[in-house]
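First the structure, in the form of structure tokens, and then the observations on it.
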Amino acid sequence: MAWSGNKNEDEGQRSRRGYHHGNLREALIQAALELIGTKGTGGFTFAEAARSAGVSAAAPYRHFRDRDELLADVARQGFERFETIRNARHCGLTQANSAEAAA
């Protein structure tokens, strides 16, 4: 429901005023990675990850059930990156092997 004025204008303003952080999930993952780098996986709290991302201690709960779920997502992304690198290297080796066989 619009509070006043043009309904479309109010909806546009609401979306601009909406959640301001952008991609909080990704910001929290990056904050957790930095904290893991300095303190280790057990050396920080969920609230510290939130502070490091520049948000309130309650904000991470919009995306993660708890710190363990945040760490699981960090690990998942790490494995995805590893797989991407491994596949790229494997493709490069396969192409190199094919070029050698053709020569």
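Each reported figure results from applying straightforward, stated rules to the coordinates on display, with no laboratory input. None of the values given here were measured: they were computed from a predicted structure. Cβ atoms come from the backbone with ideal geometry, glycine included; neighbour counts cover every protein chain shown.
What does the charge count around Phe46 come to, taking other residues whose C-beta lies under 11 Å from its C-beta (Lys +1, Arg +1, Asp -1, Glu -1)? All intermediate terms of the calculation are to be shown ahead of the outcome.
Details: positive: Arg51, Arg65, Arg67; negative: Glu48, Asp66, Asp68, Glu69.
It works out to a net charge of -1.
For the range 20-102, what Kirkwood radius comes out of the mean inverse Cα-Cα distance, in Å? Don't jump to the answer; show the numbers that get you there.
Details: mean 1/r = 0.0691 Å⁻¹.
Taking every pair of different Cα atoms in the range 20-102, averaging 1/r and inverting gives 14.5 Å.
If R0 is 30 Å, what FRET efficiency do you get for Tyr61 and Arg81 from their C-beta distance, rounded to 0.05? Don't jump to the answer; show the numbers that get you there.
Numbers: r = 26 Å, r/R0 = 0.86.
It comes to 0.70.
Step through the residues of the range 43-49 one at a time and calculate ³J(HN,Hα) from phi using the Karplus curve (6.51 cos²θ - 1.76 cosθ + 1.60, θ = phi - 60°), rounding each to whole Hz and writing x for Gly and Pro.
Rounded to whole hertz, the list is x, 8, 9, 4, 5, 5, 4.
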